[in-house]
Amino acid sequence: MNAKPHKPKPSPEAELYEECIPWKDNACCTASTSWEAHLDVSLLYNFSLVHCGLMMPDCQRHFLQAICFYQCSPNLGPWIQKVDPRWQAERVLDAPLCLEDCERWWADCRTSHTCKSNWLGSWAWSRGKPRCPERAPCRPFPHYFPTPANLCERIWSGSFRASPERRGSGRCLQKWFEPARGNPNAEVARRFASPARSWARCPGLLALPLLLPLLS
């Protein structure tokens, strides 16, 4: 992805930090980026997960995993889209997260608090840090995200899509995995990047060859 702080192309990174370790064999992030992602006020986005007080450890772990997934994964190519170059050249859109990933993320964050359903913008800034906008009270996560799908799809403005598919189906992405078991997302990326899949996304293109003999 052509976006800061991604590397020009993936390569091994033996020193990735904590939740970013699964991508050490082939990563789009550097060791420094993986460390910055774990700070209370992340240097990657100048953003704090504790904008509504301390976040429960299990909830925080999901966010760290999601940030590492977004920054480090070499398997997000089929979902990279061009965006406003004044912000960044490209971003990920509608990457399908497995059903269990969204459900566990939501369940583990039920008792943590936030003040917004879209974390990509419209924050109030004070002393160089983003803070909750005026009249945006801190509430438990289910107040802003009534369902697991709401959390996955709204939190970063559509970067992820809540898939009905389960882990191991080959049709959805895991935002974290056990490194010893290998990267399951490589197969998923190949499936979504295949020519057959591209044609299936554009039924009008499929119909065009059938129409050509009639038009000649």
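Just so you know, all these numbers are worked out from the coordinates, no wet-lab data involved. For clarity, every value in this text was computed on a predicted model and none was experimentally measured. In this analysis, Cβ positions are derived from the backbone assuming ideal geometry, glycine residues included, and neighbour counts consider all displayed protein chains.
Peptide packing for 1-13, 104-116 was compared via the average number of neighbouring C-beta atoms within 10 Å per residue; ordered from the highest value, the list is 104-116, 1-13.
Given their separation in residues at 0.36 nm each and the Cα-Cα distance between them, C132 and D25 gain 34.7 nm when the chain is fully extended. Amide H contacts for K175 (H built 1.01 Å from N in the peptide plane; partners 5 or more residues away or on another chain; cut-off under 5 Å): C98. Using a simple spin-label model with pseudo-atoms 7 Å out from Cα toward Cβ, H38 and A186 lie 2.5 nm apart.
Each Cα pair under 8 Å and six or more residues apart adds its separation to the average, and for the range 18-192 the resulting relative contact order is 26 percent. Between the listed residues L64, T147, P22, the Cα displaced farthest toward the positive end of the dipole of the range 18-192, a dipole computed from Cβ unit charges relative to the Cα centre, is found at T147.
Calculated FRET efficiency, K7 and A193, Cβ-Cβ r, R0 30 Å, to nearest 0.05?
Computed FRET efficiency for K7 and A193: 0.90.
Can you list the lysines whose alpha carbon sits under 29 Å from that of K116, skipping same-chain ones fewer than 8 residues off? Hits, sequence-local ones excluded: K4, K82, K129, K175. Karplus-derived 3J(HN,Hα) values for the range 159-170, using 6.51 cos²θ - 1.76 cosθ + 1.60 with θ = phi - 60°, are 4, 10, 10, 6, 8, x, 7, 9, 4, x, 7, x Hz; glycine and proline are entered as x.
Working note: Karplus 6.51/-1.76/1.60 with θ = phi - 60° gives the range 72-84 the couplings 9, 5, x, 10, 9, x, x, 10, 7, 10, 6, 9, 4 Hz, where Gly and Pro are set to x.
In this structure, S169 and F47 have a Cβ-Cβ separation that, at R0 = 25 Å, corresponds to a calculated FRET efficiency of about 0.20.
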